[in-house]
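In what follows, a single structure is set out as structure tokens and then discussed.
The values are calculated or read from the model by the stated rules, or taken from the named source; none is laboratory data. Note that this is a predicted model, so its numbers are computed, not measured. Cβ coordinates were reconstructed from backbone atoms using ideal geometry, including for glycine residues, and neighbour counts include every protein chain displayed.
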Amino acid sequence: MVAVVRIKDSVGTVAEKAPEPDLGTELIPQERYISRDFMQLEWDRMWTKVWLIGCREEEIPDTGDYITTEIGNESLLIVRGEDGKARTFYNVCNHRGNQVKFDKCGNSRTLQCAYHFWEYDLTGRLVNVPDEEDFHQGCPKDVLSLKEIRTDVWGGFVWYNLNPDAEPLMEYLGVVPAHLEAYHFEKMVMTLNVTMEWDCNWKTSVDAFNEVYHVQCIHPELLYDNDDVDVQIDLYERHNRYLVPFHTYSPRLGEDLDEVPEIIASKMTALGMNPDEFKGRVSEARRAIQVFKRENQEALGVDYSELNDDQLTDDYHYNIFPNLTLNIFADRMMMFRQRPHESDPNKMYYDVTMYARLKKGQARPPLPDHEQHKHGGRSLGLVLDQDSVNLPHVQKGNNSSAFKGLHISHQERRIRHMHKTLMDYINGVYANDA
């Protein structure tokens with residue numbers, strides 16, 4: 001059988017197991033996934049109170065660069081100012097309510113509304129009103145300037161919070177920055193940027209990536225590349241994680257395999273290892289890959305000195321409440337951002353961005369184009385396609401009169417933890433009066 005040995009040295013991300021809170025065993029109510037009333041509660045008491053990612057810093061590198069993003073019914077405008085600071089504004093002109101920018105991104109030294117040419121500078125200040133003298137009530141700049149939203153930066157990402165009285169970003173993130181700073185997200189490059197409109201509630205998507213209980217059913221191929229049983233789960237104040245061993249195989253397959261599975265062999269080959277020369281048991285391949293990467297990091301062009309050995313193979317998988325799923329590996333990261341639909345609890349927006357760690361001497365590639373598709377309109381690779389096919393059926397079942405709620409197992413407790421945090425917001429535990 002597979003025997004996973006975890007490295008617990010002083011290098012890299014904290015690997016120690018966190019204490020287990022008592023989260024109970026009650027059903028998670030059906031209404032949270034299908035009710036428009038509950039959807040409104042989430043907006044009023046949670047989405048408008050939490051820190052959310054707006055964009056990558058590399059998407060707005062120069063003065064005047066801007067990008068638009070949406071959360072619920074709100075369109076937001078993120079702009080790089082002349083002082084180098086990133087600012088976020090509600091994307092609405094205070095004359096007649098027109099959106100200041102319609103496009104996804106661009107560059108402009110002022111922010112001019114296309115309807116009547118009201119003009120704002122890069123700090124959001126109203127600087128020009130055509131025929132201003134015709135406004136007999138006047139045009140007070142302090143009242144009519146763009147409304148700014150709290151903005152901060154961490155990990156190469158621009159974050160925003162719709163609540164002006166919310167705690168600072170670093171306080172909100174808690175243990176996350178200290179855990180993940182060794183990966184240097186700010187030095188990674190984006191390689192994929194896709195938004196899909198999925199036919200499910202945003203939590204249905206988050207749930208799918210917060211447990212590995214479904215791997216044996218939905219992703220049987222992964223049983224030959226990761227251990228879905230010996231998974232460490234850590235629940236923090238608002239956020240959570242699990243540590244999934246990769247480049248090994250699932251104990252569900254039985255005794256040690258006779259030969260290295262193709263999915264592991266291909267990854268060995270990509271590193272420069274010869275799987276045919278590997279003489280150990282398949283259960284020892286994970287450790288062999290860790291040793292190879294450590295001993296050959298200079299030739300591979302990557303400095304792994306800040307990562308522990310487990311991080312050289314495993315998925316350090318974090319959920320940053322409410323809607324960020326991070327699959328973090330030594331050389332790459334997949335990030336999923338689950339956003340609520342503006343009006344339908346049975347739909348959501350699934351943002352998939354992928355990042356790669358640059359090798360020594362490697363030129364920074366151009367940013368990928370942002371793609372937008374309906375459910376099933378584009379392949380995201382075998383594993384994510386399998387989830388994509390399944391989740392609409394989950395949402396359909398959630399709406400059944402026969403279904404009363406989620407009956408969660410202990411290995412699915414990241415879902416229960418996320419709901420506990422959600423209900424803390426709904427019930428005012430994290431209340432900040434805006």
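Numerical summary
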quantity	calculated
Residues located in the range 103-117, provided they are touching a residue at least 24 places away in the same chain (Cβ under 8 Å) and either of a type in the set (Lys, Arg) or in a strand (DSSP E or B) (or both)	LYS104, CYS105, GLY106, ASN107, ARG109, LEU111
Extreme residue, surrounded by the fewest Cβ atoms within 10 Å (Cβ to Cβ), among residues of the range 340-357 that are hydroxyl-bearing (Ser, Thr, Tyr) and in contact with a helix residue (DSSP H, G or I) (Cβ under 9 Å, 6 or more places away or on another chain)	SER343
Residue that is surrounded by the fewest Cβ atoms within 10 Å (Cβ to Cβ) [pool: residues in the range 304-333 that are in contact (Cβ under 8 Å) with a residue 40 or more places away in the chain and of a type in the set (Asp, Glu)]	GLU306
Filtered residue count, the range 255-271, keeping only those that are more than 21 Å from ASN308 (Cβ to Cβ) and either in contact (Cβ under 8 Å) with a residue 40 or more places away in the chain or touching a strand residue (DSSP E or B) at 6+ places or on another chain (Cβ under 6 Å) (or both)	3
Qualifying positions in the range 11-22 - under 12 Å from GLU237 (Cα atoms) and surrounded by 11 or more Cβ atoms within 10 Å (Cβ to Cβ)	ALA18, GLU20, PRO21
Sole exception among (1) more than 20 Å from the chain's Cα centre (by Cα); (2) within 25 Å of ALA431 (Cβ to Cβ); (3) free of Cβ contacts under 8 Å to residues at least 40 places away in the same chain for VAL127, by number	(2)
Subset tally (residues that are surrounded by fewer than 21 Cβ atoms within 10 Å (Cβ to Cβ) and more than 17 Å from VAL14 (Cβ to Cβ)) for the range 226-245	2
Qualifying residue in the range 204-217 (condition: within 25 Å of ALA356 (Cβ to Cβ), polar (S, T, N, Q) and crowded, with 18+ Cβ neighbours inside 10 Å)	yes
The range 404-430, subset surrounded by 13 or more Cβ atoms within 10 Å (Cβ to Cβ) and assigned to a loop (DSSP other than H, G, I, E, B), residue nearest to the chain's Cα centre (by Cα)	TYR430
The range 363-393: number of residues that are over 16 Å from ALA208 (Cα atoms) and of a type in the set (S, T, N, Q)	2
Criterion violated by LEU122 - all others in (1) buried (at least 17 other Cβ atoms within 10 Å of the Cβ); (2) assigned to a loop (DSSP other than H, G, I, E, B); (3) touching a residue at least 60 places away in the same chain (Cβ under 8 Å) satisfied	(3)
Strands (runs of 3 or more DSSP E) wholly inside the range 239-351 that include at least 1 residues being touching a Pro at 6+ places or on another chain (Cβ under 6 Å) and charged (D, E, K, R)	none
Number of the exception - ARG150 against (1) out of contact with any Asp or Glu (no Cβ under 8 Å at 6 or more places or on another chain); (2) outside the structural domain of ALA86 (by TED's automatic domain parsing)	(2)
